[in-house]
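Asks: Quick one: this structure, given as structure tokens, is what I'll be asking you about.
The values are calculated or read from the model by the stated rules, or taken from the named source; none is laboratory data. None of the values given here were measured: they were computed from a predicted structure. Here the Cβ positions follow ideal geometry from the backbone for every residue, glycine too, while neighbour counts run over all protein chains shown.
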Amino acid sequence: ISISKKTEKKTRKKFQSKEPQTSSSLIKNPQASRRQLEFYHGLVLDTVLHRQNPVTGLVATSEQQDHAYIRDNTYAAMCVWALALAYKKVAEADEDRARLKDLEGRAVKCMRSLLHCMMRQSDKLERFKTSRQPLDALHCKFSASDLGPVTGDGEYGHLQLDAVSLYLLALAQMTASGLVLIYTPEEVAFVQNLVFYLESAYTVSDYGIWERGDKTNHGLPELNSTSIGMAKAALEALAELDLFGSSGGTRSFVHVMADDPQSCAAVLESMLPRESCSKETDAGLLSVISYPAFAIDNEDVVNSTRDCIVSVLEGRYGCCRFLRDGYRTAVEDPTRLHYEPCELKQFENIECEWPLFFCYLLLDSLFHEDEDRSRRYAALLERLAQPDRHGRPLMPESYAVPADLVAEERANPGSQERHPVGALPHLWSQSVYTICLLLLDGFLRPQEIDPLGRRLALEAKPDLVVQVVVIAEDSKIQAALERHMGLRVQDFDEVQSDTGVCIFPAKLLGHFYSHLGQCQQLGLSGRQSSEAGVLATSRLYNVGSQMLAFTPQFLDHHSFYLSLDLDFLLDQFRTHVAYLRRTWAAVGRPLFIMPVYHWYFSPDQPVQPALYSTVKKLQSGYIHGTRVTLGMLSDFVDTSCTPCWTRPRPPPGHRGAAAAAWARARTPPTPPRRPPPAPRLA
């Protein structure tokens, strides 16, 4: 079906939307808004939920297959949730309240069914935390009728970190809006282990958003920007989130090692606008730089990535997924699984164009309040939507060049008419398009489908002040610091008696994280790594009735002997303070605890110049361009970031383990001896 001017005119007239309304106009005219919502309610029921299984709640992607994909079902649940939020504003009549309850129930049921599908594979999740192998990954699609797997571990590219990340991101947003999706402590433990499943996403090669791995379809996983970006967004959204909502306690919180999202951010920004080693860029990155992820806080990177996608991949009917994408083109051989790199040239300039990405660009313009771009992409989507027998817009999967026009299209790209191919409506595209329509007609505001405020990532942040506390090992060091540098500090015993805060090495924080998510019923052991970064140690922790603080990891000389080099240690200190200024995003100020031990200097001798200059810079309020404030720990308790934790259940034989660890950390190790030189042969 090629789009002619006559067809375009009819389509516009058939379901042309009214002028965008504001929320105040909807309140003033509830009858008109209720009639419009009835239209969207019927649209969602007939295009998104018409294949939802009444028993399991999963939505099959087609009538021919019983497959329910995590990604497609998550977007479907987000669409239904968005419509429920719109109904909340006008739900005065009993019928409207009944529809609101039905929509919320359908969204919750779909999300919980996806959770149950993954919980059935908890053994795979436990193995993946240590192996990071594709065969141990959670499946990305399940049976819509019985929640079971539909393909084997090695028969499909199941390792798709972006799908699991999208699910967790939607889970966090819906929970923040007031829905309760998690019911039991075992489910909380599983979600906590999903966090551990994603925490190393910046090092894991997966099959990506298009499930095929590298561009040649050889089934080779690679590092993908979309997966890293979605994982970063999910980790940030879940950090310190109460999964039980307003009825929760400390045991229902999800904890995220704060350094993991920042590691993802560093790798992601270094890769953009490139998608992977084999893909120059990818239209799927629109979901990373804008709704729903908003994973980038650097406006220049966001703009350059968007401009690259628009200039390279945008066409009249949508955006190509990536360059030389042969999926659903007229010259594709459906019997072949793989292509040689030299064969990909046959798909150049005839790639299918997906209207889905116009939806993402429209959402991006709506969130940034760009009216010109909003009108442009709204008009393009209105032209591309196919009306059903009732005149309602259906969004096709993609548009392809007919086989008889391939040569002309190659010679003059963008000159030929295309026809829709694939699913109609396409579940993923239809869900995102419906959210666009609800925003365009004023039934929703951007902040309502983003209650966590991820859209504010590009907002300017105030200049950060890093709080630094210098603590002496004992009274001798305490007196020497005051005598040589005029610095009044406390020792460890005085800090504990004055504030009640116990200070431990970073390894103990890693030990606490290893207890998170443990669940014998599901066979889950918790976090595997014992590393704790500087963002994690720059907080105070409420564990039960005890408040704990931790020294940074780089001060642990038992982990790395170069920490015994004072010049190296002070250089690391300056680097980490600057890192905190760039990356800190939590509520409150970072707290940097700097202990001074006997092996830093002798109390009877002058202080080393490097230590003296560092302390003087701290006293001045600036160190290498970073604002700092130097004081006692009691001065910073109220202004620091203080998450609440449940006291972990200690393992057998734990008594004295913390004290032993701290005593070991405060004891200088014996420097390793160099081996004797090998004898020379005559």
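Asks: If only one of A234, A201, A172 is more than 23 Å from A107 (Cβ to Cβ), in contact with a Leu (Cβ under 8 Å, 6 or more places away or on another chain) and in contact (Cβ under 8 Å) with a residue 12 or more places away in the chain, which one is it? Break it down stepwise before answering.
Replies: Working: A234 fails: more than 23 Å from A107 (Cβ to Cβ); A172 fails: more than 23 Å from A107 (Cβ to Cβ).
Testing whether each residue is more than 23 Å from A107 (Cβ to Cβ), in contact with a Leu (Cβ under 8 Å, 6 or more places away or on another chain) and in contact (Cβ under 8 Å) with a residue 12 or more places away in the chain leaves just A201.
Asks: In addition: Is there a residue being surrounded by 22 or more Cβ atoms within 10 Å (Cβ to Cβ) and within 30 Å of the chain's Cα centre (by Cα) anywhere in region 90-103? Write out each step before concluding.
Replies: Kept after step one, since they are surrounded by 22 or more Cβ atoms within 10 Å (Cβ to Cβ), are these residues of region 90-103: 103.
In the following step, the residues that additionally are within 30 Å of the chain's Cα centre (by Cα) were identified as 103.
Checking region 90-103: at least one residue is surrounded by 22 or more Cβ atoms within 10 Å (Cβ to Cβ) and within 30 Å of the chain's Cα centre (by Cα).
Asks: Give V48, V80, V108 a once-over and let me know the one that is within 21 Å of the chain's Cα centre (by Cα) and β-branched (V, I, T). First the steps, then the outcome.
Replies: Numbers: V48 fails: within 21 Å of the chain's Cα centre (by Cα); V80 fails: within 21 Å of the chain's Cα centre (by Cα).
Matching residue, one of V48, V80, V108: V108.
Asks: Got a sec? Which of V534, V543, V468, V501 is over 29 Å from F294 (Cβ atoms), at pLDDT 90 or above, in contact with a Phe, Trp or Tyr (Cβ under 7 Å, 6 or more places away or on another chain) and not basic (K, R)?
Replies: None of the other options fit; the residue is V468.
Asks: Can you tell me which residue among E448, E371, E353 is touching a residue at least 12 places away in the same chain (Cβ under 8 Å), more than 23 Å from V80 (Cβ to Cβ) and not aromatic (F, W, Y)?
Replies: Result: E353 is the single residue among E448, E371, E353 that is touching a residue at least 12 places away in the same chain (Cβ under 8 Å), more than 23 Å from V80 (Cβ to Cβ) and not aromatic (F, W, Y).
Asks: Just the residues that are over 21 Å from H598 (Cβ atoms) and in a strand (DSSP E or B), please, taken from region 467-501.
Replies: Selection gives Q467, V501.
Asks: Can I ask one more? Return the total of residues in region 424-452 being touching a strand residue (DSSP E or B) at 6+ places or on another chain (Cβ under 7 Å) and either among the hydrophobic types (A, V, I, L, M, F, W, C) or closer than 16 Å to F367 by Cβ (or both).
Replies: 2
To keep it simple, each residue is scored yes or no on (1) at pLDDT 95 or above; (2) crowded, with 22+ Cβ neighbours inside 10 Å; (3) not in a helix (DSSP H, G or I).
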| site | (1), (2), (3) |
| --- | --- |
| S2 | no, no, yes |
| P20 | no, no, yes |
| S25 | no, no, no |
| C79 | yes, yes, no |
| A84 | yes, yes, no |
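Asks: Taking region 183-233 on its own, how many of its residues are out of contact with any Asp or Glu (no Cβ under 9 Å at 6 or more places or on another chain), among the aliphatic types (A, V, I, L, M) and under 20 Å from P134 (Cβ atoms)?
Replies: Summing the residues that are out of contact with any Asp or Glu (no Cβ under 9 Å at 6 or more places or on another chain), among the aliphatic types (A, V, I, L, M) and under 20 Å from P134 (Cβ atoms) in region 183-233 gives 2.
Asks: Given E448, E417, E408, which one is under 19 Å from Q36 (Cβ atoms) and either in contact with a helix residue (DSSP H, G or I) (Cβ under 6 Å, 6 or more places away or on another chain) or surrounded by fewer than 19 Cβ atoms within 10 Å (Cβ to Cβ) (or both)?
Replies: E448
Asks: Name the residue that is surrounded by the fewest Cβ atoms within 10 Å (Cβ to Cβ), counting only residues in region 379-393 that are closer than 17 Å to S431 by Cβ and touching a helix residue (DSSP H, G or I) at 6+ places or on another chain (Cβ under 6 Å).
Replies: The selected residue is R392.
Asks: Name the residue, out of T61, T56, that is of a type in the set (S, T, Y), within 29 Å of G208 (Cα to Cα), surrounded by 19 or more Cβ atoms within 10 Å (Cβ to Cβ) and out of contact with any Ser or Thr (no Cβ under 6 Å at 6 or more places or on another chain).
Replies: T61
Asks: Moving on. Check whether at least one residue in region 147-160 is within 18 Å of the chain's Cα centre (by Cα), surrounded by 23 or more Cβ atoms within 10 Å (Cβ to Cβ) and part of a helix (DSSP H, G or I), and report yes or no.
Replies: Filtering region 147-160 down to residues within 18 Å of the chain's Cα centre (by Cα) leaves 159-160.
Remaining after also requiring surrounded by 23 or more Cβ atoms within 10 Å (Cβ to Cβ): 159-160.
In the following step, the residues that additionally are part of a helix (DSSP H, G or I) were identified as none.
No, that holds for no residue.
Asks: What single numbered condition from (1) modelled with pLDDT under 95; (2) among the small types (G, A, S); (3) not in a loop (DSSP other than H, G, I, E, B) fails to hold for S165?
Replies: Unmet condition: (1).
Asks: I've got another one for you. Is there any pair linking a residue in region 413-427 that is under 18 Å from R324 (Cα atoms) and touching a residue at least 12 places away in the same chain (Cβ under 8 Å) to one that is assigned to a loop (DSSP other than H, G, I, E, B) and among the aromatic types (F, W, Y), with Cβ under 6 Å and at least six apart or on different chains, and which?
Replies: Taking only residues 6 or more apart or on different chains, the pairs are R418/Y317.
Asks: Of all residues in region 75-124, which are of a type in the set (F, W, Y) and in contact with an Asp or Glu (Cβ under 8 Å, 6 or more places away or on another chain)?
Replies: Residues satisfying the conditions are W81, Y87.
Matching residues to (1) part of a helix (DSSP H, G or I); (2) surrounded by fewer than 24 Cβ atoms within 10 Å (Cβ to Cβ); (3) assigned by TED's automatic domain parsing to the domain that holds P451:
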| position | (1), (2), (3) |
| --- | --- |
| R212 | no, yes, yes |
| G219 | no, yes, yes |
| S227 | yes, no, yes |
| L235 | yes, no, yes |
| A266 | yes, yes, yes |
| E269 | yes, yes, yes |
| E275 | no, no, yes |
| S304 | yes, yes, yes |
| V310 | yes, yes, yes |
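Asks: Specify the residue that is farthest from L569 (Cα to Cα); the eligible residues are those in region 502-555 that are of a type in the set (F, W, Y) and in a strand (DSSP E or B).
Replies: If we take residues in region 502-555 being of a type in the set (F, W, Y) and in a strand (DSSP E or B), then Y541 is farthest from L569 (Cα to Cα).
Asks: Let me ask something else about it. Return the only residue of L540, L516, L570 being closer than 30 Å to M119 by Cα, among the aliphatic types (A, V, I, L, M) and in contact (Cβ under 8 Å) with a residue 24 or more places away in the chain.
Replies: So the residue among L540, L516, L570 that is closer than 30 Å to M119 by Cα, among the aliphatic types (A, V, I, L, M) and in contact (Cβ under 8 Å) with a residue 24 or more places away in the chain is L516.
Asks: Let me ask something else about it. Return only the number of the condition from (1) more than 28 Å from the chain's Cα centre (by Cα); (2) within 24 Å of K345 (Cβ to Cβ); (3) surrounded by 23 or more Cβ atoms within 10 Å (Cβ to Cβ) that S398 does not satisfy.
Replies: If we test S398 against (1) more than 28 Å from the chain's Cα centre (by Cα); (2) within 24 Å of K345 (Cβ to Cβ); (3) surrounded by 23 or more Cβ atoms within 10 Å (Cβ to Cβ), just (1) comes out false.
Asks: Just the residues that are in contact (Cβ under 8 Å) with a residue 60 or more places away in the chain and among the acidic types (D, E), please, taken from region 67-122.
Replies: Passing the criteria: D72, E92, D96, E104.
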